[in-house]
Structure formats: structure tokens, C-alpha cells
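K.L.:
Input: one structure, supplied below.
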Amino acid sequence: MLLGSIGNNAAIFEGKVIAKHIKSEVADEISRMKSGIGKCPRLAVVLVGDIRDSHTFIRFKLKACDQVGIETTVAQFPDKCTENELLHVVASFNDDLDAHGIIHLDEAEIINIVSLKKDVDGFHPLNMGNLAIRGRQPFFIPCAPKACIALLLRNGVEIKGKRAVILGRSKIAGLPTALLLQRHHATVSALHAYTKNPEQITSETDIVVADLGIPNMVRSNWLKQGAVVIDMGANHVKDPISQSFRVIGDVCFEEAVKVASAITPVPGGVSFILLKTHLD
């Protein structure tokens, strides 16, 4: 099991350790590909605007690609670019035989025209549909849910037959995570803004996945003693003393660590492994 611990509190899932393992596995596979067929994968990135978080995340992705031998191409546009401009560049990446994957915008029109076999974000309707249908396999699975499942499996957490709660139903994380947990035979409840008594429902489950976008929303009274907690939240909060921003999760870590059997820190849990699942 790839985890640490804090005294008698919950074990801490070390996402960085798992990410290192995945990175090594991917680098070895790409090395064999280069030796065998003389080619390596290339990732195309479509980036719009100057949103700080997006640029930071893409920069980390590009660095991770470089470390394992994946080539990259970036198409960057200003905020006021036209839809036709975006559609044109996505179409060109679709036709480019040397571009094997595309990271794109979370917009319906763009998603629909990205080649199904290059949709590494896993947002294409057919990829999502295949994920939902038992017996079918999507070409790609969204990286945040994939990172969540990887953390559980690589740390030896039993999923089959367990009760799991997903707090949030976003198409990027919450919904596909629920579908993946069902594929691993968990009994899954997906809670949302209209769910009544979410604290009570959550406190009766074995695995809790938080995807709310609300800092410290999940407190200790939400959790069953010994639950496994995966915090997908990444909320930028201003520190009143230093006036700088720090990242905290949807789960109050200081409280949850005293109740859970295992928990992911923020940052350092899902965030570390999330980038690597794009490479896997």
C-alpha cells in the first residue's frame, strides 16, 4: 500500500508516490514504442484565454509529457477568438496523423467535433456513453475520476460491495467517478444540491468522494468512522495573514483525518496523480 500516516489518525494517500510509479511505467512504454516503430505519442492542446489556473495546469501537463518522452503542440487563442477559429484548429488536429490526443475546451460544440479516438479528456458524448453502459469500453476516461480509482486500487482499498457516495455530479469528475465506481461493483449514491440530508447519507458510507467546489464543506460529522475519503476539491482561498492564495479541499482535513481510515491531502493527493493519468 502506497500511503503514509499521522500518528493514530487516518493513513494519508501519497498521490506523489503513485504518480511516480505511473510516470515510470509510461516512460518505459514510450521507450519501447520508439524502439519498435520509431514514433512517440504527441499531445495537442487547445487553450483559450488567460485564466491562471488553466495555464498552470497545462504547464504542468506539458512538463509531465516532456519527462516521459511525449511530444506536445499547443494552439493558444485569446478570449475573443471565434468559434470557427477553434473548430478549424480542432479539425486540423483530428486530421493530423502525428497528433494522437487532444486536450480541449469543455464546450459542447468543441467536444462534439474532437475525434473520439483522440479525446484524451474523455468528454466526447460517445466516450461518456460507453463509460455508462456495462460491457462497453470508452477510448478514454476523464483523468480526475481515473486518478480517484487509481488511488483506491493502488492503495489496496476494496471497492467491490462497498457503499460509496459522490458529493457532486459534474461531468468532469463527479458523474464519471460514480460510473467508474459502479464498474468496480460499489453501491453508489450521487448527491447534489437538491439532495436532502446529505450529511446523514454520507455518514453511512464506506467511501466518500468530494467534488463540490466548496472549501471545507465536509466536516467530521459527515463521515463514518473508518471511511476512506477522496478529496477532489481544489479551492483557491486567500490567507488573511499572508494575503497570498492557498489551495484547500472540499473536506476539512484537520477534522476528517481523525475519523477516516484513509484520506487524500489537498494538494498532494488526487492532484499529483491526475496529471499522470493523462499519460497512462
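Where a number appears in this text, it was derived from the coordinates with a stated rule and is not lab data. All of these numbers come straight from a predicted model, not from anything done at the bench. FYI the Cβ positions are ideal-geometry reconstructions off the backbone, even for glycines, and counts take in every protein chain you see.
K.L.:
Only four residue types carry charge here, +1 at the Cβ of Lys and Arg and -1 at the Cβ of Asp and Glu. Report the dipole size of segment 201-247 about the Cα centre in Debye, rounded to the nearest 20.
P.N.:
Details: 4 positive and 5 negative charges, 40 e Å.
For segment 201-247, the charge dipole is close to 200 debye.
K.L.:
Take every Cα pair under 8 Å in the chain that's 6+ residues apart, average their separations, divide by the length, and report that relative contact order as a whole percent.
P.N.:
Contact order relative to length: 20 percent.
K.L.:
Next question. Along the positive direction of the dipole of the chain (beta-carbon charges: Lys, Arg +1; Asp, Glu -1; about the Cα centre), which of ILE12, VAL68, LEU43 reaches farthest?
P.N.:
Farthest along the dipole direction, towards plus: ILE12.
K.L.:
Let me ask another. Of the trypsin sites (Lys or Arg not before Pro) in segment 160-249, which ones lie in a loop per DSSP and count no more than 12 other C-beta atoms within 10 Å? Display every interim value, and only then the final one.
P.N.:
Working: sites: LYS160, LYS162, ARG163, ARG169, LYS171, ARG183, LYS196, ARG219, LYS224, LYS238, ARG246; in loops: LYS160, LYS162, ARG169, LYS171, LYS196, ARG219, LYS224.
Listed in order of number, the matching sites are LYS160, LYS196.
K.L.:
Can you bin the chain into rounded, prolate or oblate? Criterion: square roots of the alpha carbon gyration tensor eigenvalues sorted a ≥ b ≥ c, rounded for a/c under 1.5, prolate for a/b above b/c, oblate for the rest. Don't jump to the answer; show the numbers that get you there.
P.N.:
Details: a/c = 1.62, a/b = 1.54, b/c = 1.05.
Prolate is the answer for the chain, as a/c is 1.5 or above and a/b outweighs b/c.
K.L.:
Now for a different question. What does DSSP give for the chain in terms of the percent of beta bridges that are antiparallel, rounded to the nearest 5? Mind dumping the intermediate values first?
P.N.:
Numbers: 7 of 36 bridges.
Of all bridge pairs located within the chain, approximately 20 percent are antiparallel.
K.L.:
Please state the charge dipole magnitude for segment 142-272, taken about the Cα centre, from unit charges on C-beta atoms (+1 on K and R, -1 on D and E), reported in debye and rounded to the nearest 20.
P.N.:
Details: 14 positive and 10 negative charges, 73 e Å.
Roughly 340 debye, rounded to the nearest 20.
K.L.:
Report the one residue of VAL114, HIS55, VAL90 whose Cα lies farthest in the direction of the positive end of the charge dipole of segment 36-118 (charges on C-beta: Lys and Arg +1, Asp and Glu -1; origin at the Cα centre).
P.N.:
About the Cα centre, the residue reaching furthest to the positive side is HIS55.
K.L.:
Continuing with the same structure: Among the lysines, which fall within straight-line cross-link reach of LYS34, defined as a Cα-Cα distance under 24 Å, with same-chain neighbours fewer than 8 residues apart omitted?
P.N.:
By straight Cα distance, LYS34 reaches LYS20, LYS23, LYS61, LYS63, LYS117, LYS118, LYS276.
K.L.:
Add +1 for every Lys or Arg and -1 for every Asp or Glu among the other residues with Cβ under 13 Å from the Cβ of GLY129, and state the total. It would help to have the intermediate numbers written out before the result.
P.N.:
Numbers: positive: ARG134, ARG136, LYS171; negative: ASP119.
Computed value for this residue: +2.
K.L.:
Now, a different point. Putting +1 on Lys and Arg Cβ atoms and -1 on Asp and Glu Cβ atoms, find which of VAL259, PRO142, ILE248 reaches farthest to the positive end of the dipole of segment 142-272.
P.N.:
PRO142
K.L.:
Using only the Cα atoms of segment 36-118, build the gyration tensor, take square roots of its eigenvalues as a ≥ b ≥ c, and label the shape rounded, prolate or oblate: rounded if a/c is under 1.5, else prolate if a/b is larger than b/c, else oblate.
P.N.:
Note, shape of segment 36-118 comes out oblate.
K.L.:
Quote the FRET efficiency, to the nearest 0.05, computed for SER242 versus HIS55 with a Förster distance R0 of 30 Å and r equal to the Cβ-Cβ distance. List each step's numbers first, then the result.
P.N.:
Numbers: r = 23 Å, r/R0 = 0.75.
After rounding, the FRET efficiency stands at 0.85.
K.L.:
Report the net charge of residues surrounding PHE253, where surrounding means a beta-carbon distance below 12 angstrom and charges are Lys +1, Arg +1, Asp -1, Glu -1. Intermediate values should be presented prior to the final figure.
P.N.:
Details: positive: ARG219, LYS258; negative: ASP231, ASP250, GLU254, GLU255.
Counting the neighbours of PHE253, the net charge comes to -2.
K.L.:
Compare the peptides 145-151, 261-267, 35-41, 97-103 by average per-residue count of other Cβ atoms within 10 angstrom and give them in order, highest first. List each step's numbers first, then the result.
P.N.:
On the way: 145-151: 25.4, 261-267: 22.9, 35-41: 11.3, 97-103: 18.1.
The peptides rank, most packed first, as 145-151, 261-267, 97-103, 35-41.
K.L.:
Could you check the simple spin-label distance between TYR194 and PHE77, using points 7 Å along Cα→Cβ, in nm with one decimal?
P.N.:
3.3
K.L.:
If you place +1 on the Cβ of every Lys and Arg and -1 on the Cβ of every Asp and Glu, how big does the dipole about the Cα centre of the chain come out, in debye to the nearest 20? List each step's numbers first, then the result.
P.N.:
On the way: 31 positive and 30 negative charges, 160 e Å.
Once rounded to the nearest 20, the dipole reads 760 debye.
K.L.:
First select every other residue whose beta carbon is under 12 angstrom from the beta carbon of HIS185; then total the charges, Lys and Arg +1, Asp and Glu -1.
P.N.:
On the way: positive: ARG134, LYS160, LYS162, ARG163, ARG183; negative: GLU158.
Counting the neighbours of HIS185, the net charge comes to +4.
K.L.:
How long is the gain from PHE139 to VAL17 if the chain were fully straight, where each residue apart is worth 0.36 nm and the alpha carbon distance is subtracted?
P.N.:
Working: separation 122, 0.36 × 122 = 43.92 nm, distance 2.63 nm.
Extra length available between PHE139 and VAL17 comes to 41.3 nm.
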